[in-house]
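Colleague: The following block contains the structure, expressed as C-alpha cells.
The values are calculated or read from the model by the stated rules, or taken from the named source; none is laboratory data. Remember, it's a predicted structure, so these values are computed and weren't measured experimentally. Here the Cβ positions follow ideal geometry from the backbone for every residue, glycine too, while neighbour counts run over all protein chains shown.
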C-alpha cells in the first residue's frame with residue numbers, strides 16, 4: 001500500500017475536469033453520460049438500452065495460444081469470412097522446438113486462416129500482441145476485443161477488453177458482447193513522477209490499493225486529471241496495461257497532444273480525437289493518485305497486489321520475506337521447500353535474475369531508461385543474470401540505432417526478440433528456489449515454470465525497468481532507481497513501418513475461399529458436448545480453499561501452451577499443479593456420463609459395478625423416485641472460493657468441460673471473463689454463500705429440475721448433498737444471466753448454440 005493513492009469511498013461529480021463536488025446541479029444519471037466511457041460504449045452499443053449493452057467491436061485480436069481454438073469454434077458454427085478486422089499475432093508459442101512441430105503447425109494454420117477468412121497475420125518475433133495493437137490498430141473512440149487478458153489500449157483512447165475465446169467467436173459470427181452497463185471509476189492523477197519512478201511503480205501502487213477490496217472489479221477505470229499530461233505516452237501505456245491486475249473490465253484515458261503525436265508517428269493521425277469528460281461527469285468512485293509521492297515499488301510473490309515500496313522491503317527484509325514464505329505455505333503446503341531468507345546477504349536481498357519484457361516492460365522508453373542506468377556498469381558473472389525483450393521489431397531497431405543496445409550488451413545483458421514467454425513461464429524460467437525481478441505483468445504461483453508436485457519452485461517479484469536496471473548495476477542487490485546517480489535521457493522514437501510491410505500478411509479484409517486450412521496433427525476439433533439434462537448429478541472432484549485461484553492453477557501455462565490446439569491433449573494438464581488427482585477423478589465421473597449417453601443398458605452395467613454409485617442412486621430415489629438415467633446427466637464440479645483471477649484463457653473452463661465438468665461452485669468469481677468462459681462452455685457458474693460447505697470433496701450433489709430452473713430464470717436453486725445414504729438440502733444461485741447465456745447453458749456450449757449442421 002502507499003499513501004500516494006487515496007480512495008474516496010463514494011461517488012462524486014467532476015466539474016470542468018478539475019473540481020470535485022457532491023452536487024453539480026444535474027442528476028447522477030444525466031452526469032454519468034459525461035464520462036468518456038459512456039460516450040464510447042454508447043457509440044458501440046446496438047441494444048438501444050444503455051443499461052443492457054450489446055456491444056460490437058471495431059477489431060479483434062488473438063495470439064497463437066488462442067486463435068486456433070477460436071477459429072475452430074467459429075468454423076463449427078459456419079464461419080465463412082471474418083466480418084471485422086481480426087489480427088492473429090504469434091508471440092506466445094514462438095519457441096518452435098517445444099513440442100516438436102506443434103507450435104509452427106499452429107503458425108501455418110494461422111497464416112492460412114488469415115488468407116482464407118480475410119485477416120492479418122503477424123509472424124513470430126515481430127511484435128507482442130499488445131504492442132502491435134498499439135502501433136497499428138488503436139485509435140481514439142474505438143473498441144477492441146482481444147483473447148488475452150491484458151488487452152488494454154485505454155491510454156490511446158481505445159476501450160479494450162480481454163476475454164476468453166468464445167466472446168471473440170461471437171464477434172466473428174456477428175453477435176454481440178452482452179453486459180450490464182459497468183460502473184466507471186475516476187483515476188484522478190495529480191503531480192509528476194520523481195526521478196527513477198516508472199510506470200510499473202504507479203501501476204503497482206494502484207493494484208496494491210485497489211485489488212483486495214474489489215474497488216474497480218468489473219468496472220471501467222477512467223484516467224483523468226492534470227497529472228495525465230505530465231506523463232509520456234509510453235509511461236501511460238505502461239500503467240494502463242497493468243489495470244488488468246485490478247480486475248477492472250476496461251480502461252480509458254483522456255487524450256491530448258501526446259496521444260495525437262503518438263498516432264501521427266505511427267502513420268494514423270486520422271485516428272486521433274480529443275477525449276475528455278464533459279463539463280459535468282459523475283463517477284461511481286474516485287481514486288486520487290499523487291504521482292509525485294510514488295516511490296519505486298515491488299510486488300512480492302505471489303500476486304501483483306502484494307506490494308511494498310522497495311525502501312520498505314530493504315528496511316524490513318526478514319519480516320516481509322517471512323510473510324511471503326507464510327503465504328506460500330497456504331498455497332503449497334509441505335509439497336515443496338520454499339526459502340527466501342537464504343537470499344539475504346549482509347542484510348540485503350540478493351536476487352538471481354532480472355527481466356524486462358513484453359507488453360508491460362518492453363516499450364522504447366522503459367528500455368532506453370534501463371540502458372542509461374546500466375551505461376558503463378557490469379552485471380557480473382555470478383548468480384545474477386538479466387535479459388530484455390523489446391516489445392516489437394520497430395522498437396528493437398530503434399534501440400540498435402540509438403545505441404541503447406550496446407549499453408545493454410556492454411553491461412552483460414542478453415537482448416532477445418519479441419516474445420511473451422517470460423510472462424507466462426515459457427522463457428527465462430528461474431532456477432529452483434531462485435528469485436526473479438521482472439517488469440512484466442504477473443507473478444502468480446505456478447506460473448513461472450514452478451512444478452510444485454515435482455518439488456520445483458521459483459518466485460517472481462514485479463518491479464519497474466528502472467529499478468531492475470539499478471539492481472543489475474549493483475550485481476543483484478535489490479536497489480531502487482531513485483538511489484542511482486545517473487542521467488536518464490529523453491530519446492526521440494522513429495517508427496519504421498517498412499519492417500511490418502515486409503513480413504506481416506494483411507489481407508485488407510479480402511477472404512480467399514479457395515485457400516485450404518493447413519491443420520497439423522496436433523490440431524483437433526472440439527469433442528461433442530451434450531445439452532443440459534432435466535436433472536444433474538455432480539461429483540465434487542476438487543476442493544480449493546485458497547483465497548483466490550488463478551487460471552494458471554486451473555490450467556497451467558508454460559509448456560502446456562503447445563497443446564492449446566488439442567482440447568483432449570491439453571485437458572490432461574487440468575489443475576495438474578494444484579490438484580494432480582483432479583484429472584483421474586474427473587474421468588471416473590465422465591465414464592458414467594459416457595455410458596449414460598450410450599443407453600440405459602450400458603449405464604446399468606457401470607452402475608452395477610460401482611457400490612458408491614448404487615448407494616448414491618438409492619439415496620436420491622428415496623426422495624426423487626422419478627429420477628432416472630434418461631433425465632439425469634452425470635458430471636463433475638470443483639469448488640473454489642474465488643476462481644478465475646488472471647488470464648482470459650478459455651481453456652481454464654473448456655478443459656474441465658472436456659473432462660465432463662458441468663459446473664463450478666464458488667463464493668464469487670474473480671473475473672467476469674472466467675465466469676463468461678464457464679457459461680460459453682455450457683458450465684453452470686453456481687454461487688454458494690460463504691460459510692461451512694454442505695458438501696466436501698468426493699461428495700455427490702444432486703440438482704433436481706436444473707434445466708427448468710435455467711429456463712424459468714430461477715435464481716434460488718435447491719441442491720442436495722448425498723451423505724450417508726441421505727440427502728442434505730442446500731441452496732445455490734446462478735447470478736445474472738442474459739437470455740443468450742441461458743440458452744448456451746441449455747444447449748450445452750456456444751458451439752451447440754450456434755451449430756450449423
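Colleague: Residues in the range 725-757 that are closer than 15 Å to residue 713 by Cα, buried (at least 20 other Cβ atoms within 10 Å of the Cβ) and more than 25 Å from the chain's Cα centre (by Cα): how many?
Modeller: Looking only at that region, the number is 1.
Colleague: Let me ask you something else. Can you give me the ranges of the helices (runs of 4 or more DSSP H) entirely in the range 525-607 with at least 2 residues that are surrounded by fewer than 24 Cβ atoms within 10 Å (Cβ to Cβ), touching a residue at least 24 places away in the same chain (Cβ under 8 Å) and more than 30 Å from the chain's Cα centre (by Cα)? Can you show your working first?
Modeller: Values: elements: 551-554, 567-571, 582-598.
The qualifying helices (runs of 4 or more DSSP H) are 582-598.
Colleague: Here's a follow-up. Among strands (runs of 3 or more DSSP E) lying entirely in the range 68-167, which contain 3 or more residues that are modelled with pLDDT of 95 or more and within 19 Å of the chain's Cα centre (by Cα)? Spell out the reasoning first.
Modeller: Values: elements: 86-89, 120-122, 143-146, 159-162.
Answer list for the range 68-167: 86-89, 143-146, 159-162.
Colleague: Would you check which residues across the range 328-348 are surrounded by fewer than 18 Cβ atoms within 10 Å (Cβ to Cβ) and part of a helix (DSSP H, G or I) and list them?
Modeller: 329, 330, 341, 342
Colleague: Return yes when residue 693 is farther than 25 Å from residue 618 by Cβ and part of a loop (DSSP other than H, G, I, E, B) and no when it is not. Reasoning before the result, please.
Modeller: On the way: farther than 25 Å from residue 618 by Cβ: no; part of a loop (DSSP other than H, G, I, E, B): yes.
Taking the combined requirement at face value, the residue does not satisfy it.
Colleague: Out of all the residues in the range 608-625, which are under 20 Å from residue 704 (Cα atoms) and in a loop (DSSP other than H, G, I, E, B)? Give the derivation first.
Modeller: Start the filter on the range 608-625 by keeping residues that are under 20 Å from residue 704 (Cα atoms), which leaves 612-625.
Correct list: 624, 625.
Colleague: Residue check: is residue 614 in the same structural domain as residue 724 (by TED's automatic domain parsing) and without any contact (Cβ under 8 Å) to a residue 40 or more places away in the chain?
Modeller: Details: in the same structural domain as residue 724 (by TED's automatic domain parsing): yes; without any contact (Cβ under 8 Å) to a residue 40 or more places away in the chain: yes.
Criteria met by residue 614.
Colleague: Scan the range 712-728 for residues that are under 21 Å from residue 613 (Cβ atoms) and part of a strand (DSSP E or B) and jot them down. Step through it out loud before you land on a result.
Modeller: Step one: filter the range 712-728 for residues under 21 Å from residue 613 (Cβ atoms), giving 719-728.
Within the range 712-728, 719, 720, 721, 722, 723, 726, 727, 728 qualify.
Colleague: Looking for whichever is under 24 Å from residue 234 (Cβ atoms) and modelled with pLDDT under 90 here; the options are 466, 442. Which one fits?
Modeller: Matching residue, one of 466, 442: 442.
Colleague: Could we say that residue 205 is assigned to a helix (DSSP H, G or I) and at pLDDT 95 or above here?
Modeller: yes
Colleague: Any residue at all in the range 277-285 that's outside the structural domain of residue 366 (by TED's automatic domain parsing), under 23 Å from residue 360 (Cβ atoms), assigned to a strand (DSSP E or B) and at pLDDT 95 or above? Give the derivation first.
Modeller: Of the range 277-285, the ones outside the structural domain of residue 366 (by TED's automatic domain parsing) are 277-285.
The next check asks that each one be under 23 Å from residue 360 (Cβ atoms); those that pass are none.
Scanning the range 277-285, I find no residue that is outside the structural domain of residue 366 (by TED's automatic domain parsing), under 23 Å from residue 360 (Cβ atoms), assigned to a strand (DSSP E or B) and at pLDDT 95 or above, so the answer is no.
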